């Protein structure tokens, strides 16, 4: 959905169906032709599947709700939809019994829930009607500046994490004196990655920042291959790092970025199309601003 996730839209549909009364106008109507066409030929789409205190849920309504579930069979998804409808209906009935539907605030929220759902459905319809970029447009976008499409630089490191600075200084000294770094990791490191000898192979610098720390990333960036870096304060303590290998940023060919460029252009075109559509609605509508009226 445009403004709702597919999952939340399912439960919002269930809520709207329950709140509409499902024994009143919303439930007693017969199935639309489009919905009937989707039903099994040997099943009456208007057959009542479930009743709660006189409110009825019909086959076509349950299947419309079940369409939002995509992780099961038709019948299992229908059962999920029916179970959800029962839960929401029971709670909605109790809310009405307590008079909660009569408060102005709740009335406004109920109105906006329905309006928001319709707005989201319209978003989907409008966005799906906006054509995506052509193959030529995607190639043209790439050709504007091929140099900006590059693989990020990568680095391979081995590190020891300790809690105390004096221990980190000892580890750094031993490493610079030529001690076996694998043994230093095994003996001193408190990090879980000691099980793989503290190795990070061909990691992006952002990866180093996320899992070891920004100061470590900066120090490694400045270091040369073979250098021992540290002690440097990291996310889990003090770090001593051995720089094993560096791979510079390299250009990326069109085929490798074609999909990402297409996705970006699609999002841009949809955003522009939606803005244009919304502006057309504003031009047609009669909007009176009373915000600043005394």
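The values are calculated or read from the model by the stated rules, or taken from the named source; none is laboratory data. If you're wondering where the values come from, they're calculated on a predicted model, not measured in any experiment. Cβ: placed from backbone, ideal geometry, glycine included. Neighbour counts: every protein chain shown.
Before moving on, here are some points about what is shown:
- Filtered by the rule that a residue be surrounded by 15 or more Cβ atoms within 10 Å (Cβ to Cβ) and on the phi > 0 side of the Ramachandran plot, region 201-240 gives 213, 230, 237.
- Near pairs, Cβ below 9 angstrom, 6+ apart or cross-chain, from region 128-142 (in contact (Cβ under 8 Å) with a residue 24 or more places away in the chain) to any residue that is in a loop (DSSP other than H, G, I, E, B): 141/133; 142/149
- Single match in 95, 105 (criterion: out of contact with any helix residue (DSSP H, G or I) (no Cβ under 7 Å at 6 or more places or on another chain) and in a helix (DSSP H, G or I)): 105
- Some residue of region 27-46 being assigned to a helix (DSSP H, G or I), at pLDDT below 55 and in contact with a strand residue (DSSP E or B) (Cβ under 6 Å, 6 or more places away or on another chain): yes
- Under the condition of being part of a helix (DSSP H, G or I) and surrounded by 11 or more Cβ atoms within 10 Å (Cβ to Cβ), the residues counted in region 122-144 number 11.
- Selection status of residue 179, free of Cβ contacts under 8 Å to residues at least 24 places away in the same chain and assigned by TED's automatic domain parsing to the domain that holds residue 236: yes
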